[in-house]
Amino acid sequence: AQRWLLLAQQLGDEPMLPLIRLAWNYAYSGRYADALDTFTTARAQAASIDLTIDALTGLGWTHAYLGNYPAAVTHHQQALELAQSLQDLSRQGYGWSGLGWTYLQSGQVEAAIAAYEQQLALARQGQDRRSQANALSKLGEAYQRLDRLAEAEQALTASLALLTQLGDQRGQGYGHLRLAAVYRAQANPTAAIDQLQQTLGIHQAIGNRRGSAIALSQLGAVMAEQENPAAAIALYKQAIAVIETIRQDIDRLSREQQDLYRNTVAETYRTLVALLLSQDRFLEAQQVLELLKGNELEQFTHQARSTPSHSDLPYSNAETQLLNQQGSLIALGNQVDACLKSQCGELTFLLDQREQVNADFYAAIDRLEAEMRQRLSQDRGVLDTEDFSRAARTIVAAEPNTILIYPFVSEQGLWLLWGGPGGINGSISVPVSEAELNQTILALRHALESPTSDVTELQQLSHQLYDWLIAPLATELKENAIENLVFSLDRQLRYLPMAALFDGDHYLVERYDIHTILSADLTRTDRLDWQQVQVLAVGLSEAIAGFGALPGVPAEVDAIVREGETDSRGIFPGVALLNEAFNRTALRNQLWGHQVLHIATHGVFVAGEQEGSYLVTGDGTPLPITDIRRFEGLAQVHLVVLSACETALGGTNQDGIEISSLAYHFLNKGVQTVVASLWAVDDFSTSLLMQAFYGALVADEPVTQAEALRRAQLQLLQGDLAGAGLPVRGLGVESTAIGESRGATTPPDYRHPYYWAPFTLMGNGL
């Protein structure tokens, strides 16, 4: 911008045009701060009113993109007043268009209509067909918001006619899409389908994948509204197949654009899952859930998956026939449109043919529905989703008596999918709203995060969640002698420590080994020989850089790591780096040759801002979470334990994905298991739990990592702390060490879930 400014001072307005274009490029790419700075510079230096208007218009649109609607209105009005003083019809139209869009986005629909009517009048006066088409299209959208459907249809039809005259295929595609929405609102599904067929044909012809995916998903929605779920599913599958191809090169977009796109398409995945579950087609639902989880992880970590997407969703013969029929109708529709424009001599023949193909299309829907009804009566899984089934069977078969549980949260309610040996075995709908579920999760989290909260009230909340998440499966768990629960959690459920769910008599951890997975693709089932393990333990015990001391860390690390032949303490041989010895370089260099990485330090995890999240090294320097993927030595590490104050929790206003993302950075690098905390943990109880966890791994009787964590949690819950390695007061072992060091006036009661429940095991539980 400074270079353009110097040129403008020498040459006048001529360099300001590319400067304004540069500002628009910033705005379109999501670099709004740069756009505002550049538009402001252009406005300040513009010598002509024309360029001042253009700069003001750019400022108006950029502020509107940012949601600063008052500022947007101010700048658009200033631009409009200047354009009126020049009697510049085109720039006046831009001004009214900007005001209309801003009003529409801010919910001022009547004001938007008034603005777009002004734009339309000016466009007609200047015989500007493109501006007319734009104004009519936005008027149609505004009328629809007010349920003025006849006016919306009239405006959109007129807009579409102008776009056709202009040869604007992309505009026509979206014009048909808007008309389809009006027809759906008018309960005219036949007209809506016709518009969507034309939309799809146009977007496929010009290679607009996003438009094609929208059209397919809208066709699916219409079929669902018409109670044709099998047809709806086939169309949604095709929409997701297109979306998955877009994801392969989405990294070319800015991060903001990537996030916007993923947020837009996420509901398509969820709608398909809900449809599949409503038809008991849980094998397919599970595969789509895998795709959705990958989409969420990519969005939060801004990192493409290293695992395949499995985007080739399976189709039955009837689904394939339906989609082929769909393709025939699209191709014929393009021929009919071309003939209508040229008034070709084959119009009657083509219209008759389209009528027949359309009839065949609906007959294919009927066949598909009949086939699915028959298949559902014979096979509750319906289709063999081989990719997921293989991964799920591996997870479940790796340890006897294991069940994989996938809760799926939708606006309509909660679904539970579960899988045993041989693949997914069942699903059930739980009658609870998403709002009620989230309120209960939030209330339980508040109770869990305080060591002084009332345990009875906490257990009541936990019992309610148990009734929704576990009780519906109680018969399955009992009849199959299940001992191991593996969860893949959805949305706000990620904030829950599943071990703390309460059945009225016992916590879940008292009955089962428990761990979670992020996705089947990221989960391995290799076992480690714990007798051959080397541990690298790093930690911070001193107060530093605004963080308080962690006085339990030295004893924790000393009890875990045995350094050299003369060290009589320590469970595993290895290397310990404490305080000033723990820095980024030392951590990177020492990773090689160690199978376990134990990190005992503060963690700062910023919700929704992966780049702002970090661990605190011994010299006070932040170690960004995103740096983790650069440590090549992690590829040979089996287990990472984050024994920190707060390592896996972002904020309860998020969707829970931030809890998985920290583990994702390790798992995607080759690490198999991550243990991390869900809330700010107590320093000394964590030290006790960690020593018990590692001790269980080398016990005479081999145990899994999930079982080792369970045993450690039970030691605190049941007060079995003898020999844990630290002096404890309050549960049968008298000492003042902990109470006094923390300034406590009463001994801590480690039976409270605050102390034993925060740690969750993600990935390989073996």
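Criterion first (crowded, with 21+ Cβ neighbours inside 10 Å and small (Gly, Ala, Ser)) does Ala55 satisfy it? Answer is yes for this residue.
Identify, please: which residue in region 180-205 is in a helix (DSSP H, G or I) and farther than 27 Å from Thr245 by Cβ and is, among those, least open to solvent (accessible area, probe 1.4 Å)? Applying the filter and picking the extreme gives Val182. If you filter region 711-733 down to residues that are of a type in the set (D, E, K, R) and surrounded by 17 or more Cβ atoms within 10 Å (Cβ to Cβ), you find that the one that is modelled with the highest pLDDT is Arg711. Does at least one position in region 495-518 carry a residue that is assigned to a loop (DSSP other than H, G, I, E, B), open to solvent by 10 Å² or more (accessible area, probe 1.4 Å), at pLDDT below 85 and within 16 Å of Met762 (Cβ to Cβ)? Yes, there is a match, as at least one residue in region 495-518 is assigned to a loop (DSSP other than H, G, I, E, B), open to solvent by 10 Å² or more (accessible area, probe 1.4 Å), at pLDDT below 85 and within 16 Å of Met762 (Cβ to Cβ). For region 84-91, the criterion of being assigned to a helix (DSSP H, G or I), of a type in the set (A, V, I, L, M) and farther than 24 Å from Tyr174 by Cα is satisfied by at least one residue. Listed conditions (1) more than 33 Å from the chain's Cα centre (by Cα); (2) of a type outside the set (Ser, Thr, Tyr); (3) in a loop (DSSP other than H, G, I, E, B); (4) modelled with pLDDT under 90 are all met by Lys669, apart from (1).
Which members of region 419-435 meet the condition of being farther than 17 Å from Ser278 by Cβ, in a strand (DSSP E or B) and modelled with pLDDT of 70 or more? Show your work before the answer.
Step one: list which residues in region 419-435 are farther than 17 Å from Ser278 by Cβ, which gives 419-423, 425, 435.
Next, from what is left, pick out any that are in a strand (DSSP E or B): 419-420, 423, 425.
Gly419, Gly420, listed by residue number.
Got a sec? Which of Leu477, Leu465, Leu469 is without any contact (Cβ under 8 Å) to a residue 60 or more places away in the chain and open to solvent by less than 10 Å² (accessible area, probe 1.4 Å)? Walk me through it before giving the result.
Numbers: Leu477 fails: without any contact (Cβ under 8 Å) to a residue 60 or more places away in the chain; Leu469 fails: without any contact (Cβ under 8 Å) to a residue 60 or more places away in the chain.
None of the others qualify; the one that does is Leu465.
Mind listing just one residue for me: the one in region 527-559 that is touching a Lys or Arg at 6+ places or on another chain (Cβ under 9 Å) and within 20 Å of Asn583 (Cα to Cα) and, of those, modelled with the lowest pLDDT? Checked region 527-559; the qualifying residue modelled with the lowest pLDDT is Pro551.
Got at least one residue in region 696-710 being modelled with pLDDT of 90 or more, among the charged types (D, E, K, R) and buried (at least 17 other Cβ atoms within 10 Å of the Cβ)? Checking region 696-710: at least one residue is modelled with pLDDT of 90 or more, among the charged types (D, E, K, R) and buried (at least 17 other Cβ atoms within 10 Å of the Cβ). Of all residues in region 135-151, how many are farther than 21 Å from Gly93 by Cβ and under 36 Å from the mean Cα position of the chain (by Cα)? Number of matching residues: 6.
Take the conditions (1) under 23 Å from Leu136 (Cβ atoms); (2) surrounded by 24 or more Cβ atoms within 10 Å (Cβ to Cβ); Thr62 misses just one of them, which is (1). Inspection of region 173-196 identifies at least one residue that is more than 15 Å from Ser137 (Cβ to Cβ), touching a His at 6+ places or on another chain (Cβ under 8 Å) and free of Cβ contacts under 8 Å to residues at least 40 places away in the same chain. Restricting attention to region 629-655, the residues that are at pLDDT below 75 and surrounded by fewer than 22 Cβ atoms within 10 Å (Cβ to Cβ) add up to 8.
The values are calculated or read from the model by the stated rules, or taken from the named source; none is laboratory data. Because the structure is predicted, anything quoted here is derived from the model rather than measured. Cβ atoms come from the backbone with ideal geometry, glycine included; neighbour counts cover every protein chain shown. Please note that ligands, DNA and RNA were not included when accessible areas were found on the heavy atoms of the full protein model with its side chains. Shrake-Rupley method; radii C 1.70, N 1.55, O 1.52, S 1.80 Å.
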